[in-house]
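First comes the structure, then the notes that go with it.
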Amino acid sequence: MAELEIKGLNKYYRLGNKTKFHALTDINLSFEKGELVSIVGESGSGKSTFMNLIGGLDSDFEGEIKVNGENIKNLTDKELDEYRKKKIGFVFQSFNLIPHLSILDNVTIALTLSNVKESEKVKKATEILKRLGLEQQIKKKPTQLSGGQKQRVAIARALINDPEIILADEPTGALDSETTSQILEILKEIADEGKLVIMVTHSEKVASISSRVVEVSDGKIIKDEYKSDYNKITKEIKEDNKKEEDDAKIKHKKKTNLSFISAVKLSFHNMWASKVKNFLIAFGVAISLVSLILMLSFGSGLTDYISGLADSYTNPLYVSISKVAKNPLKDNTGFNDPEELDNLIADINKQLEENDFEFRADESNITYGFNKMTFTSAQFTFKADEDNKYDENGENVVTNFIYFVYSTPPYYDETKMIAGSMSGQNEIMFSKAVVRMLGYDTYDDVVGKVKVTINIPSLNINTENMISEELNLTGNPTISGIIDVSVMFENFPVIYVDYDYLTSLIKFAGKEADFAPSSIYIKTDSEKTTNFINNYLSSLEGYSGSVEEQMAGMFNEMISTFSTALAVIAGISLIVATIMILVVLYMSVTERTREIGVLKSIGARRKDIKRIFSTESFLIGVLSGIVGIAFSLICGLILIIVLKSILGFAPISFRWWYFFVALGISIVISVLAGLFPAAKAAKLDPVESLRHE
Ligand code: ADP
Ligand code: MG
């Protein structure tokens, strides 16, 4: 059986819709091991077409190309890849070395695609490179070699898998005469060792050293001539190789593939070759990750800060319960129904009992409070004293401008006072903002001097006329002091009224039936009990915690609007980054078209090509993620320092999982962006890729 037998081979190139070009016509040829065949013929006669068909780069033909008796037309795509990898060694006119790989890696690439062990690869490659006189060049890059050296590397690459057939398409076309003879000498030697070497050449001189010359003209064989010494050589070799033929079948052979680690290495080499470009992409992605991480950290930082403030203003031994109103301005949020309150307390006590708490809520530890939501329209008239006249009547009337009216929580004490003291009967307290809004310069102008008329028509309250010895009411209340409402809320105008004082006003007005407390306080025995009750309350609908918690909640809502805006920005920048990666990878496929052709010619499967490109996009994702995390940390720390010096606090909290999310997003968008270019690369036609300039 002949090593290579071609029967009735016809090749058509499709040009447009219906027209075809008949590139090869009825080729019948048979080749044996040990032959050094020169294919000669004018340019455009079909020599390369013929080589590509034999090499399995193009399987669109009619007729038979039998290798060891097996028609390669019947091979599946996978088997054809295996055929190129194991049976064929390609040598090209333009060397087609992969520029970003070292000489050693260029030679071993076919073994890498077969997942051969590193040590074995190096051993095999150095052996062959030594034989070709290249042992000094192993670590160099292709650009550092001369033409002749490059072609010797290409031959080494073709030989590495010990193929049976070497196909060389004008291997000396780009070389001077001296190096040409060197290369021919090597090819002759390879043939003498028992391989079939088929070489395309233009040169008569080159053809003259071969054992057989086949001449092609317009796609037809016009001459097939053996040289004298041919028979002698081939006969010997024929005997030698007879035994090997049986196990040389391509089918049913165990197939080995490019490993993930090798793909990473290959991608890494390539990325390193264009490191500036890759770093710039990573930088672009990183910027969007930074905005994402900072956005998240800012959101959680503010939340932490506010809930921290709320915590610092509540007492761990008090549970505050308020009713949540859907519309705080309209809905009645008081505990109007005594039964509801009793049931709530009973529920809490039941939970405490079931969970082995000793504490029970009862009249001895429950106190009441209210907030402005109890009133539908409260009017406050501020009366300045003699020295602080504001209009001709000596009154400074401000109506409905106070947004927050609260009863003083039972856990507030003198430590919160900025000026004056806590309020009692016939007294109220202002927050700093109220003083400012009224136009007073100092607290001293206010404390103990300013009188206020509280006017709540819905409850018949007007303090001006409310004087009663029995109820201890002396008319308009004075300002007992200025209270510090936390840093965050200091710009909020809040008026604190003692709960007992308010109830005595209500009593005077005879409106007890229309008024109900809007919040209750339970003084517990321990922080643990407080936390337990708070947890239970948060599982119930319609109740919320302390006033401070409600304020914090309101802030959080404002912040979440802000965070959403930031999230949209981060989202858009991530989309831009994705498109950027896609474009760069797509360009990289175009740039590396020839390299992809080379890889295919040495047996890389579609899957391998896809894997190399996907790995690269994965690596870009990892790199971007790491750069993004690093920048986020740096920017975050700078922001913290700047904000601290300006605001006195920095609402930025990193959570460790933000970094994982950012890394994950980075990898996901990179891999997604890489899918399309990788698929395009895998689909490239090897013959066209190799022709690509
Ligand atoms: P050679 O290598 O002998 O110079 P080729 O085998 O490259 O010639 O080309 C043989 C003929 O087939 C030429 O006329 C060429 O224009 C044509 N040809 C080669 N490739 C294609 C293709 N992909 N589509 C159409 N025609 C092609
Ligand atoms: Mg050609």
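The values are calculated or read from the model by the stated rules, or taken from the named source; none is laboratory data. Keep in mind that what you see is a predicted model, and the values were worked out from it rather than measured. Note that we place each Cβ from the backbone using ideal geometry, even for glycine, and neighbour counts take in every protein chain shown. We work out accessible area using only protein heavy atoms, side chains counted, and drop any ligands, DNA or RNA first. Shrake-Rupley method; radii C 1.70, N 1.55, O 1.52, S 1.80 Å.
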Quiz item: Going through segment 28-81 one residue at a time, which ones are near ligand 1 (Cβ under 10 Å from one of its atoms), touching a helix residue (DSSP H, G or I) at 6+ places or on another chain (Cβ under 6 Å) and among the β-branched types (Val, Ile, Thr)?
Solution: Ile39, Val40
Quiz item: Failed condition for Ala207, given (1) of a type outside the set (Ser, Thr, Tyr); (2) within 16 Å of ligand 2 (Cβ to nearest atom); (3) under 13 Å from Gln93 (Cβ atoms), with all others met?
Solution: (3)
Quiz prompt | Selection from segment 293-319 of residues that are at pLDDT 85 or above and open to solvent by less than 50 Å² (accessible area, probe 1.4 Å) | solution = Ile293, Leu294, Ser297, Tyr318, Val319
Practice problem: Mind telling me which of the residues Lys188, Lys117, Lys130 ends up being at pLDDT below 90 and among the basic types (Lys, Arg)? | Solution: Lys117
Quiz item: Here are some conditions: (1) at pLDDT below 75; (2) assigned to a helix (DSSP H, G or I); (3) hydrophobic (A, V, I, L, M, F, W, C). Phe382 meets all but one. Which one does it not meet?
Solution: (2)
Quiz item: If you check Ile428, Ile456, which single one turns out to be at pLDDT 85 or above, open to solvent by less than 20 Å² (accessible area, probe 1.4 Å) and within 18 Å of Asp498 (Cα to Cα)?
Solution: Ile428
Exercise. At least 2 residues that are open to solvent by 50 Å² or more (accessible area, probe 1.4 Å) in each: list the strands (runs of 3 or more DSSP E) lying fully within segment 1-93 that qualify.
Key: 4-15, 19-31, 62-67
Quiz item: Given Val91, Val107, Val122, which one is out of contact with any Phe, Trp or Tyr (no Cβ under 6 Å at 6 or more places or on another chain), within 16 Å of ligand 1 (Cβ to nearest atom) and not acidic (Asp, Glu)?
Solution: Val91
Quiz item: In segment 194-215, which residues are part of a strand (DSSP E or B) and surrounded by fewer than 23 Cβ atoms within 10 Å (Cβ to Cβ)?
Solution: Arg212, Val213, Glu215
Quiz item: Scanning segment 97-112 for residues that are open to solvent by 10 Å² or more (accessible area, probe 1.4 Å) and of a type outside the set (D, E, K, R), which turns out nearest to Asp685 (Cα to Cα)?
Solution: Leu97
Exercise. Go through the residues of segment 6-27 one by one and say whether even a single one is near ligand 1 (Cβ under 10 Å from one of its atoms) and within 25 Å of Ala604 (Cα to Cα).
Key: yes
Exercise. Go through segment 92-146 residue by residue and tally those that are within 24 Å of Arg611 (Cβ to Cβ) and without any contact (Cβ under 8 Å) to a residue 24 or more places away in the chain.
Key: 6
Quiz item: Scanning for something away from ligand 2 (no atom under 16 Å from the Cβ) and either closer than 25 Å to Thr172 by Cβ or at pLDDT 95 or above (or both), does segment 46-57 turn up at least one residue?
Solution: yes
Quiz item: Among the residues of segment 484-505, is any at pLDDT 90 or above, more than 60 Å from the chain's Cα centre (by Cα) and not polar (S, T, N, Q)?
Solution: yes
Quiz item: Residues in segment 94-104: is at least one in contact with a strand residue (DSSP E or B) (Cβ under 9 Å, 6 or more places away or on another chain) and away from ligand 1 (no atom under 15 Å from the Cβ)?
Solution: yes
Quiz item: Just checking, how many residues over segment 170-193 are within 19 Å of Ile54 (Cα to Cα), open to solvent by less than 30 Å² (accessible area, probe 1.4 Å) and within 16 Å of ligand 2 (Cβ to nearest atom)?
Solution: 1
Quiz item: Does at least one position in segment 71-79 carry a residue that is β-branched (Val, Ile, Thr) and away from ligand 2 (no atom under 16 Å from the Cβ)?
Solution: yes
Quiz item: In segment 579-606, what count of residues is obtained for those that are within 24 Å of the chain's Cα centre (by Cα) and not aliphatic (A, V, I, L, M)?
Solution: 2
Exercise. Answer yes or no: is there a residue in segment 151-158 that is hydrophobic (A, V, I, L, M, F, W, C) and either within 16 Å of ligand 1 (Cβ to nearest atom) or open to solvent by 10 Å² or more (accessible area, probe 1.4 Å) (or both).
Key: no
Quiz item: Being aromatic (Phe, Trp, Tyr) and over 23 Å from Asn96 (Cα atoms), is that true of even one residue in segment 608-631?
Solution: yes
